[in-house]
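Worksheet for the structure shown next.
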Amino acid sequence: MDDFLTSRQVQNILKVDRITVYRMLQDGRLKGVKIGQQWRFQRSEVERMVGGSPQPAASDQDPESPFPTHCVQTIQDLFSDVGQISAVVVDASGAAVTEVSRPCAFCQLILASPSGRRACESSWENVAQNCAAGSKYFTCHAGLQYVAAPIADRGQQVGAFLAGQFYWQPSDPREQAERIRRLAEAHDILQSDLAAAAEEIAVIPPDQHVRTEAWPFTASRAVESILCERTGFMERLKQIANLTQLSKGV
């Protein structure tokens, strides 16, 4: 057991509180094993973090990304379930950093097509750029509506929380039929499948417009709090690492 540390020992070494230790455990920054009812953490891994040595990657997450993907995905899924609409988080360039939550059948068909997915990614890029300029209402290449809330870290916009795949009001049948025809042809999707899926696209009732507009901003603030905590933690680790290197040089 000398090779394992208790959560209290990890707290003392990393200079963080108990909640942060367990959040690190949940989002994969820290590995642990449960012995009985208590978590134990490998001493070598904790010492590597303190020493600033690179940790073996546990996922394909971009090390330069400011987003702890696991935590952000959990927040996104929760808010998507509460709002009963689809959501995705994109970075400042418009690249998705999470999996789409609650995608509607219509969008699933388009995303399953290589050219359709590229068109969606182009729409996300446009949203990210215009969200940075202050816009919050968007219509994607397929004609569906979105609300986007900026996500900032240390005063700089690093992404956006997109909630959408709905209509604010019922779509004109003739316009929708023509749009479906064009989309099916452009992305090699069976038109009848796309038309059937379009019947399931949500229409937000007028009495829910205000709530639907507001909750992406609540979700983005929740993501920002995670980024702030992560940034503070990484800065503390760097300070500890610098002190460790200085002590080695004495």
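Selection of the range 3-50 for residues being in a strand (DSSP E or B), at pLDDT 75 or above and either touching a Phe, Trp or Tyr at 6+ places or on another chain (Cβ under 6 Å) or closer than 21 Å to PHE67 by Cβ (or both) yields LEU5, ARG40.
Going by what's in this entry, would ALA186 be described as at pLDDT 95 or above, under 20 Å from the mean Cα position of the chain (by Cα) and of a type in the set (Gly, Ala, Ser)? Answer is no for this residue.
All of ALA142, ALA119, ALA152, ALA105 fail the test of being at pLDDT 90 or above and closer than 17 Å to ALA222 by Cβ, apart from ALA152. Modelled with pLDDT of 95 or more and either closer than 23 Å to VAL100 by Cα or surrounded by 13 or more Cβ atoms within 10 Å (Cβ to Cβ) (or both), is that true of ALA195? For ALA195, the condition - modelled with pLDDT of 95 or more and either closer than 23 Å to VAL100 by Cα or surrounded by 13 or more Cβ atoms within 10 Å (Cβ to Cβ) (or both) - is met.
Give the residue, chosen from VAL223, VAL203, that is under 16 Å from CYS140 (Cα atoms) and either at pLDDT 85 or above or touching a Pro at 6+ places or on another chain (Cβ under 7 Å) (or both).
Details: VAL223 fails: under 16 Å from CYS140 (Cα atoms).
Selected residue: VAL203, the only one of VAL223, VAL203 that is under 16 Å from CYS140 (Cα atoms) and either at pLDDT 85 or above or touching a Pro at 6+ places or on another chain (Cβ under 7 Å) (or both).
For the range 171-191, which positions are part of a helix (DSSP H, G or I) and among the aliphatic types (A, V, I, L, M)? If you could, list the steps in order and put the result at the bottom.
Just the residues of the range 171-191 that are part of a helix (DSSP H, G or I), to begin with: 173-187, 191.
If the condition is that a residue be part of a helix (DSSP H, G or I) and among the aliphatic types (A, V, I, L, M), then ALA177, ILE180, LEU183, ALA184, ALA186 are the ones that fit.
Would you mind listing the strands (runs of 3 or more DSSP E) fully within the range 90-170 where at least 3 residues are surrounded by 19 or more Cβ atoms within 10 Å (Cβ to Cβ) and in contact with a strand residue (DSSP E or B) (Cβ under 8 Å, 6 or more places away or on another chain)? First the steps, then the outcome.
On the way: elements: 137-139, 145-153, 156-167.
By residue number, 145-153, 156-167.
Has the range 185-192 got any residue that is farther than 21 Å from ASP91 by Cβ, in the same structural domain as GLY94 (by TED's automatic domain parsing) and hydroxyl-bearing (Ser, Thr, Tyr)? Before the answer, list the steps.
Of the residues in the range 185-192, the ones farther than 21 Å from ASP91 by Cβ are 185-192.
Now restrict to residues that are in the same structural domain as GLY94 (by TED's automatic domain parsing): 185-192.
Checking the rest, the ones that are also hydroxyl-bearing (Ser, Thr, Tyr) come to 192.
Checked against the condition, which is being farther than 21 Å from ASP91 by Cβ, in the same structural domain as GLY94 (by TED's automatic domain parsing) and hydroxyl-bearing (Ser, Thr, Tyr), the range 185-192 yields at least one hit.
The values are calculated or read from the model by the stated rules, or taken from the named source; none is laboratory data. If you're wondering where the values come from, they're calculated on a predicted model, not measured in any experiment. So basically every Cβ, Gly included, is an ideal-geometry build from the backbone, and we count neighbours across all protein chains shown.
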